[in-house]
Amino acid sequence: MDGFDTNYTTTRLFARYPSLRISDLYGWMGLTRITPLLGYLAKRRVVCDRFMTMAMFIEDIDHVTGERRWRVADDDYDLAQEIARSGFADMLHDTQRNRMFDQALRTVINEVHRRGERAHVVDIGTGTGLLSLMAARAGAERVTAIEVFKPMADCAKKIISASNYSSTIELITSRSTDLSFQDMNAKGNIIVAEVFDTELIGEGALRTFKEAHQRLAMNSCRVIPSSARVWILPVQSDFLTQFHRTPSQNLRTPFADCPGAAAVFDVQLSQLPRESIKMLSEPFIAFRLNFEDGDSIKYDESFDHEFIVSSQGISHIDALLMWWELDMDGTGEHILNTAPSWWDPNAQWRDHWMQGVYYLPRTIYVSNGQHISVRCSHDEFSMWFDVEKSESERIGPPVCSCRLHVTCSRNAIYRMNELDVHSDFREFLKKECDNKSVLCVNEGSFVGLIASKFAKKVAVVEPNAHFRSALHAYRGHNTVENVQLLANEEEFFGEVDVILSEPFFLSSILPWDNLRFWYVADKLRTRYGPHIKILPQEGILYAMPVKFDHLWKISAPVGSVEGFDLYEFDSVCQRARSAADAVVEPQPLWEYSSISTGNALALATFRIDQPVPDGHLCFAAHIPFLKKGTNAVVFWMDWKLSDFCMTSGLVEKCHIGERPKWSVAHRQGVFFLPHEKAIGENCEGVHCKVVFSPISGDIRFSFWF
């Protein structure tokens, strides 16, 4: 879709995930991929179109307490800013996608004309109107464009009006599933819709096509795309397992049998180190979907598929990798494929569709030549997989029993496992906590339990009830007797030698959101005196300019696409961006290749071992670009814990011209340069001002050239 058809995406957010912790569809840190637009909205603003009423809920996070509050936006709230901040332009930069839709429209419209019929194209989720314009140019006598999101519909209306095809295209602002052919005066004989996400069906594609056949289309209707195939690949991967398994190195996990959550882990598999996965067979087809046959579209179905293990020796299935392909016009000549680049060398980079990782409910050990049957299931919006032992076994989606998988993001689980095996961190804890009384303050952290190996006693403040319950289970399973678990620091009245934090909080989105610990430390310093040892003692905000190979596309102007001028879309985005605060957005940069174009620069130091100041803290610096092509600046935090450094950014030194290696466990902040600066030859750097508000705990950035 060029826009997004919110038929079921928005209700899906509320109905299926009422807590609105949408990281990896459950936790809070996986923030970018519910849909190309809602990916950003899921972070802080969510559109709900229930009951035919558009209500914008704006989420405010109190960076001092970590509390989330939802409020209904004012009637004049500028929804266009959400388009600007969404990374939506990435779809329009997808030249393969655009070309495939254009070719398919030409093929199918010509076929309809050869039958002696007039072509009436119904474009569901028209967005900018691009596909409608393609259809009109290809000779369609009539095009009905449907778009529910009013700011996008307004944008499409202007783009269409400025084209040569305004008399051919009728724009309707509505959900496609709320329309009937009476609303359009006639049924269409061609349906075109791009309502896909990484999971293919997560945006309601099944219902969109099925009900379009019932309500909006003739019996002989052609559909673009014609059909889809979903591929899966069983792999062994210790790396991918770290995003799923519960920590078990320092303490035995009580949750070894937890199947985890059903939600897909959407990720740029092309960036996985090739040595980090072991293919256990060739990819095989899990599902075939025929969008041209509405009766064949089922909302719930399961299939058993068998594969033969081709890897040598004994292996174990840790995950199933998934991607899909579309046959655009039913000819087999125009196939749009989302496979990773290590499987398809011609794969086009895109961020709106990635690849998916699914975890089995249990580890399965296999050997060369063994025949394995995989149960492949889907409902209306999602898929899940299992290796069945008998017909009587449960075939529904896995349900997390430990609550960790639905409380924490994939990144957070990786972070826990990374610290669990970090020998230097363990040595730091031994040095600082040996035979001492430790008060550990985090949210979603195992640091307190690891410290209990060395400390005399540990009090763990864990505000999240689900995570606190998991810590209780770990404590009991390992017979740990020197750990006290508390909901807040006010419950603790004992003596303390060390106040310890990673720091990490589940509510954190950007790395500096963990400055929340500073406020907790301030309260405890008042109680225990100014000389109490606090770790970390300081946090340092770093910046480094980079040249992204592809990620810049999510914010860049699109200009002309397949011969159509989309200036109005660019204009909406640029006006909204210039009216808003400078956007520094979270991104998991290990998934996005880049080159360093300057040195890492320490912008600001926050002394956690000193009181939070009464007034604003202001820092300013010039960030020089020492290599041409800079299109972004990356920000992260380092936390100093005595002689140990906890980083959320660079994990090893990076010289100019080298590819940085970013922390997998954390997201970094990214500021994309304005397009005219990114492509300019004379841009030698950017001035950056950072303002920390002690009242809100928020950091605001401003940039000038």
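Rule-based calculations on the coordinates, nothing more; no lab input. Since the model is a prediction, treat every value here as computed from it, not as a measurement. Every residue, glycine as well, gets a Cβ built from its backbone with ideal geometry; the counts of neighbours run over all protein chains shown.
Here is how the numbers come out for the structure above:
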| quantity | calculated |
| --- | --- |
| Mean separation of Cα contacts under 8 Å (6+ apart) over length of region 422-535, as relative contact order % | 28 |
| Cα-based convex hull, region 538-704, per residue volume (Å³, whole number) | 125 |
| Under 16 Å from the Cα of residue 298 - lysines, other chains or at least 8 residues apart | 210 |
| Radius ratio Rg over Rh of region 227-400, counting only Cα atoms, Kirkwood formula for Rh | 0.96 |
| Stokes-Einstein diffusion coefficient of region 500-599, Kirkwood radius over Cα pairs, 4 °C, 1.567 mPa s, in µm²/s | 73 |
| Difference of contour (0.36 nm per residue) and Cα-Cα distance, residue 284 to residue 684 | 139.0 nm |
| Cα-only radius of gyration and Dmax that characterise the chain, units Å | 26.3, 88 |
| Candidate aspartates and glutamates - alpha carbon under 13 Å from residue 158, same-chain residues fewer than 8 apart omitted | 170, 565, 568, 570 |
| Spin-label model distance (nm) - residue 141 vs residue 537, 7 Å beyond Cα toward Cβ | 8.2 |
| Over region 218-307: Kirkwood hydrodynamic radius from C-alpha pairwise inverse distances, Å | 17.0 |
| Rg and Dmax of region 402-532, Cα atoms only, in Å | 13.9, 39 |
| Inter-site label distance for residue 271 and residue 370 at 7 Å from Cα along Cβ, in nm | 3.3 |
| Likely footprinting exposure, 61, 201, 285, 146, fewest C-beta neighbours within 10 Å first | 285, 61, 201, 146 |
| Kirkwood Rh and Cα Rg combined as Rg over Rh, evaluated for region 450-513 | 0.97 |
| Gained length - residue 186 relative to residue 661, 0.36 nm times residue gap less alpha-carbon distance | 165.4 nm |
| Cβ-based exposure ranking for 208, 241, in which fewest neighbours within 10 Å come first | 241, 208 |
| 20 Å Cα-Cα threshold exceeded, pairs from 457/640; 430/640; 627/677; 627/661; 430/457; 431/640 | 457/640 |
